[in-house]
């Protein structure tokens, strides 16, 4: 088979086609994804954005795509509240586990304090930093990923 690799001039259309192919394959292998995306924000009394969380859920797991807090909001418990709400949403939709990744300069200790278990890591990008991978069981059977 002769194959030609190229860089697309229409990255958006190509990305959609690639995702469509992967999702079709995944559904054939593991059944319906049951995909959902929840975006939760936190605002002050004046409506100013203080932070938020983006949660993607599929099959029986959820993934914290993003948790961000403004500098002013850090240390006041808002991150814990957002993450606990994300966990609540994940449980409600039937997820058995929730996972995320964070860099060493972000908040590894924060996640560990909230019951997340580190299951992997890598270093080298960015220079001097380490990326940590975490998971937390929400309910049900013990996952083989969890310690």
Odd one out for residue 144, checked against (1) loosely packed, with under 12 Cβ neighbours inside 10 Å; (2) modelled with pLDDT of 95 or more; (3) within 28 Å of residue 23 (Cα to Cα): (2)
Flag for residue 54 being within 23 Å of residue 122 (Cβ to Cβ) and in contact (Cβ under 8 Å) with a residue 24 or more places away in the chain: no
Checking residue 139 against (1) surrounded by 14 or more Cβ atoms within 10 Å (Cβ to Cβ); (2) modelled with pLDDT under 95, the condition it does not meet: (1)
Matching residues, the range 71-112, being closer than 16 Å to residue 53 by Cα and touching a helix residue (DSSP H, G or I) at 6+ places or on another chain (Cβ under 9 Å): 73, 79, 80, 83, 98, 100, 102, 107, 110, 111
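Taking the range 53-70, which residues are within 25 Å of residue 139 (Cβ to Cβ), in contact with a helix residue (DSSP H, G or I) (Cβ under 7 Å, 6 or more places away or on another chain) and part of a strand (DSSP E or B)?
Going residue by residue through the range 53-70, those that are within 25 Å of residue 139 (Cβ to Cβ) are 53-67.
Within this subset, residues satisfying the condition of being in contact with a helix residue (DSSP H, G or I) (Cβ under 7 Å, 6 or more places away or on another chain) are 53, 55, 57, 59, 62, 64, 67.
Those that are within 25 Å of residue 139 (Cβ to Cβ), in contact with a helix residue (DSSP H, G or I) (Cβ under 7 Å, 6 or more places away or on another chain) and part of a strand (DSSP E or B): 53, 55, 57, 62, 64, 67.
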Matching residues, the range 101-114, being part of a loop (DSSP other than H, G, I, E, B) and either within 16 Å of the chain's Cα centre (by Cα) or closer than 20 Å to residue 40 by Cα (or both): 106, 107, 114
All positions within the range 36-50 that are more than 13 Å from the chain's Cα centre (by Cα), free of Cβ contacts under 8 Å to residues at least 40 places away in the same chain and on the phi < 0 side of the Ramachandran plot: 41, 43, 44, 45, 46, 48, 49, 50
Check on residue 22, at pLDDT 95 or above, in contact with a helix residue (DSSP H, G or I) (Cβ under 8 Å, 6 or more places away or on another chain) and more than 14 Å from residue 135 (Cα to Cα): no
Test: residue in the range 29-41 that is touching a helix residue (DSSP H, G or I) at 6+ places or on another chain (Cβ under 8 Å) and surrounded by 14 or more Cβ atoms within 10 Å (Cβ to Cβ): yes
Residues within the range 71-100 that are part of a helix (DSSP H, G or I) and in contact with a strand residue (DSSP E or B) (Cβ under 8 Å, 6 or more places away or on another chain), tallied: 12
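The values are calculated or read from the model by the stated rules, or taken from the named source; none is laboratory data. Bear in mind the structure is a predicted one, so any value in this text is a computation, not a measurement. Reconstructed Cβ throughout: ideal geometry from the backbone, glycine too, with neighbour counts over all protein chains shown.
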